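**Student:** My questions all concern the structure below.
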Amino acid sequence: MALLISTWAWAAEGPTPLARSYVQKIKNSSHALVEFNNAVDSSQQDTIYLFVQGIEIGNGEQWAAAFDVAIRRKASFYFHKIYNRKSLKRNVSLIKKSIREVQRRHPNQKIEILAYSAGGAATLVAWRDLESKRSNYHDIHLTTIASPLSGYGAPIIAVPFVSLFFGAYNGKLARGVADELRGQQLSLCRHFVNMDCRLDRHSCPRRGTSNTQLLPEMPCGTDNITEFYNETHESIIARAAEMLVQ
């Protein structure tokens, strides 16, 4: 198991206005897939990046911090939106559609997917579905980031109420995607895992409870886990961008 001691912190002045405008563009978009080329010729870049949203974009500060990394490095990227009112199955279908669309637009480039929080859980299910067609996706790599694969520890009796008030996707993620991923051994992927529950209560590996981002058998393999000890649930997406966006 790979270990990483993280010392990343957001810039004291916060995200730039341009990065915040990207967040607003996402909120205003009626499409699941939103493109940002940072005024560069994407055809000249070795890698295209696809960020996948968690349950909510919220005020978007964590995303703006990650976008600033891409802006500084002049990287072209896409953002895939998660729809809380749609089912896990529908969200997975939309994620696969976005992956195929990015690949169609960039057939000769590598694609790096950074799937955050609950979006990482749904993307892993999509990745499972694409595994049988791996030869078509050999230049695509997935990283899940602080993803609660076993859910948020909600009792099963609460799921209908979560679904009713917060959407079908939230209801499903309350219990996690362990059933969908049980026994899966997926390739070309890895997991970024927050270890300190004091900093990330949403997806840390709580020993002895069901609220954890770890499964007994991690879908991408135990050798493909990177542990973080100083990141919050919000800060880790910018840290991941610093590590992965070139």
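Read the figures in this text as sums done on the coordinates, not as results from a lab. For clarity, every value in this text was computed on a predicted model and none was experimentally measured. Quick reminder, even Gly has a Cβ in these numbers, built from the backbone with ideal geometry, and neighbours come from all protein chains shown.
**Student:** Treat each spin label as a single point 7 Å out from the Cα along the C-beta direction, and report the ILE57 to TYR229 distance in nm.
**Tutor:** The answer from the label model is 3.6 nm.
**Student:** Could I have the simple spin-label model distance between SER43 and ALA178, label points 7 Å from Cα toward Cβ, reported in nm to one decimal?
**Tutor:** Inter-label distance under the simple model: 5.0 nm.
**Student:** For LYS97 and ARG73, FRET efficiency with R0 = 30 Å and r from the beta-carbon atoms, rounded to 0.05?
**Tutor:** According to the calculation, E is roughly 0.65.
**Student:** Further question: Sorting HIS138, HIS191, HIS106 on the 10 Å Cβ count, fewest up front, what's the list?
**Tutor:** HIS138, HIS106, HIS191
**Student:** Ranked by Cβ crowding within 10 angstrom, fewest neighbours first, how are TYR116, TYR22, TYR137, TYR78 ordered?
**Tutor:** Ascending number of Cβ neighbours within 10 Å: TYR137, TYR78, TYR22, TYR116.
**Student:** For LYS89, which lysines qualify as cross-link partners when the Cα separation must be under 27 Å and same-chain residues fewer than eight apart are set aside?
**Tutor:** Straight-line reach from LYS89, under 27 Å: LYS25, LYS27, LYS81, LYS97, LYS110, LYS133, LYS172.
**Student:** Taking the Cα of ASP139, stepping 7 Å toward and past its beta carbon, and measuring to each backbone N in region 99-122: which are under 16 Å?
**Tutor:** Backbone N within reach: 99-113.
**Student:** Can you give the extra length, in nm with one decimal, that the chain gains between ARG104 and ARG85 once fully stretched, where that is 0.36 nm per residue apart less the Cα-Cα distance?
**Tutor:** Numbers: separation 19, 0.36 × 19 = 6.84 nm, distance 2.78 nm.
Difference between extended and current length: 4.1 nm.
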